[in-house]
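Heads up: the structure comes next, in structure tokens.
The values are calculated or read from the model by the stated rules, or taken from the named source; none is laboratory data. Only a predicted model underlies this, so the values are computations on that prediction, with no experimental measurement involved. Cβ atoms come from the backbone with ideal geometry, glycine included; neighbour counts cover every protein chain shown.
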Amino acid sequence: MNRNRIAAFLAASFFFWSSLYVYVPALPSFVRLRTPSLAVIGMVLSMYGLWQALCRVPLGILVDATGRSKPFLAGGFLVAGLGSIVMGLGSSVGVIAFGRALSGAAAAAWVPMIVAFTSFFPPTRVVFATSLLSFSSSFAQMAATSVTGLLSSLGGYGLVFGAGGALACAAAGIISVVRWRKPESAGRVSPASILTIFVRRDVLVPSFASAITQFGVWAVVFSFLPLLARQLGSSKLTMSLLVTINIVASAASSLLNTAVIGRSSHRALLYSSFLLFGAGIVVAALGRSIPMLFVSTVAMGLGSGMFYPILMGLSIERVDGPFRSTAMGIHQAVYAIGMFTGPWIGGILADAFGIRAMFAVTAVFCVAGASLLMRLYPRTPVFTPAERKAP
């Protein structure tokens, strides 16, 4: 039954994303033990996005060409665990960067996971499906980051990274026992069909809009917001809580999406979420106290939890089933550019002008860039109103 598969996928998603995020609040300070340079710290953190960008398109094409996704899912989950262990054992910046690169390559498994999961739903429910799976991933990130400080206090960084390895193995175990049908039209991928997907405006516009917003998420929330909190005198537990609260807000927003999708305009929701996210960054740039940073992180989480699944769903909503992994690979590879450049460029700007100034520039870039880009998205409806109301 699809219901059982959906439940198993949500469980696997929970453990997978927990393995990738359980060490995230501690990672900037862990790297800083090896180097005082914010630019170098940003470079190490950027490996996660860089290797997602490099791996996601080839993986999407490969899944569409073979019609097989389970081996790539299980393999990706195990590589996530390996990356966590390598980082935990890293005694130099280079080794930690290599482990972070492994975790980025592993995150490419999100491509076949989304496509397989959306296949359990009718075509009119794609954005609902992506919102539901995004809620699962956000809930996992929330749970994982909420225990980072506790794990660090109990067993140091070694326990934090070891937990990442164990959670990844749990995800691989769950996905290995789930069965789903190979697409009937698998194997229809050709160079011409791939090129066609690469130039489709309905795929590229939401993909680049997502890249711009992910630049902000990774430059601020997952890279330099914890360091700003540290400068204000916060503890490790508070630094972890800042990221956790952001993800709680993001999860709540993704869950809200499942209720309002179909009742509200995608464009109205996106523009509102861009503004809310940008406002949160501005609060962080201006805030002089830890409570203000908590207000900031909530606003950013609410915004990102709304725009992330909508942009992801829009990028494949009009694409035929046999080519959806390719389209999703393109979408995720493009937005991974933002995940890569956010910490990297953010670190360079923070070194040159300070963290707060970097936040201000990032806020303007995210709101203006993403909003202007979405004006290029085709307005022609995909389904009739009757089809959109179909269960």
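Checked against the criterion of being surrounded by fewer than 23 Cβ atoms within 10 Å (Cβ to Cβ), under 22 Å from THR196 (Cβ atoms) and modelled with pLDDT of 85 or more, the candidates ILE330, ILE337 yield just one match: ILE337.
Conditions (1) surrounded by 22 or more Cβ atoms within 10 Å (Cβ to Cβ); (2) among the small types (Gly, Ala, Ser), marked per residue:
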{"position": "ILE41", "(1), (2)": "yes, no"}
{"position": "VAL44", "(1), (2)": "yes, no"}
{"position": "ALA65", "(1), (2)": "no, yes"}
{"position": "GLY81", "(1), (2)": "yes, yes"}
{"position": "ILE85", "(1), (2)": "no, no"}
{"position": "ARG100", "(1), (2)": "yes, no"}
{"position": "VAL115", "(1), (2)": "yes, no"}
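Would you confirm whether or not region 282-292 contains a residue that is among the charged types (D, E, K, R) and in a helix (DSSP H, G or I)? The answer is no, given that none of the residues of region 282-292 is among the charged types (D, E, K, R) and in a helix (DSSP H, G or I). Applying the set (1) of a type in the set (Val, Ile, Thr); (2) within 26 Å of ARG324 (Cβ to Cβ); (3) not in a helix (DSSP H, G or I) to ILE6 leaves exactly one unmet item: (3). Within region 307-327, being of a type in the set (D, E, K, R), in contact with a helix residue (DSSP H, G or I) (Cβ under 7 Å, 6 or more places away or on another chain) and surrounded by fewer than 24 Cβ atoms within 10 Å (Cβ to Cβ) holds for GLU317, ARG318. If you go through region 82-108 and pick out every residue that is within 12 Å of LEU45 (Cα to Cα), among the aliphatic types (A, V, I, L, M) and touching a residue at least 60 places away in the same chain (Cβ under 8 Å), you end up with 3.
Taking region 92-121 as the range and being of a type in the set (S, T, N, Q) and modelled with pLDDT under 90 as the test, the residues that pass are THR118, SER119. One residue is enough: does region 264-278 have a residue meeting the conditions part of a helix (DSSP H, G or I), in contact with a Ser or Thr (Cβ under 6 Å, 6 or more places away or on another chain), among the polar types (S, T, N, Q) and surrounded by fewer than 24 Cβ atoms within 10 Å (Cβ to Cβ)? Among the residues of region 264-278, not one is part of a helix (DSSP H, G or I), in contact with a Ser or Thr (Cβ under 6 Å, 6 or more places away or on another chain), among the polar types (S, T, N, Q) and surrounded by fewer than 24 Cβ atoms within 10 Å (Cβ to Cβ), which makes the answer no. Close contacts from region 34-63, counting a first residue that is assigned to a loop (DSSP other than H, G, I, E, B) and a second that is of a type in the set (Lys, Arg) and at pLDDT 90 or above, with Cβ to Cβ under 6 Å and a gap of 6+ residues or different chains, come to none at all. Here's a check for you: in region 7-29, which residue that is over 18 Å from the mean Cα position of the chain (by Cα) and modelled with pLDDT of 90 or more is surrounded by the most Cβ atoms within 10 Å (Cβ to Cβ)? The extreme case among them is ALA8.
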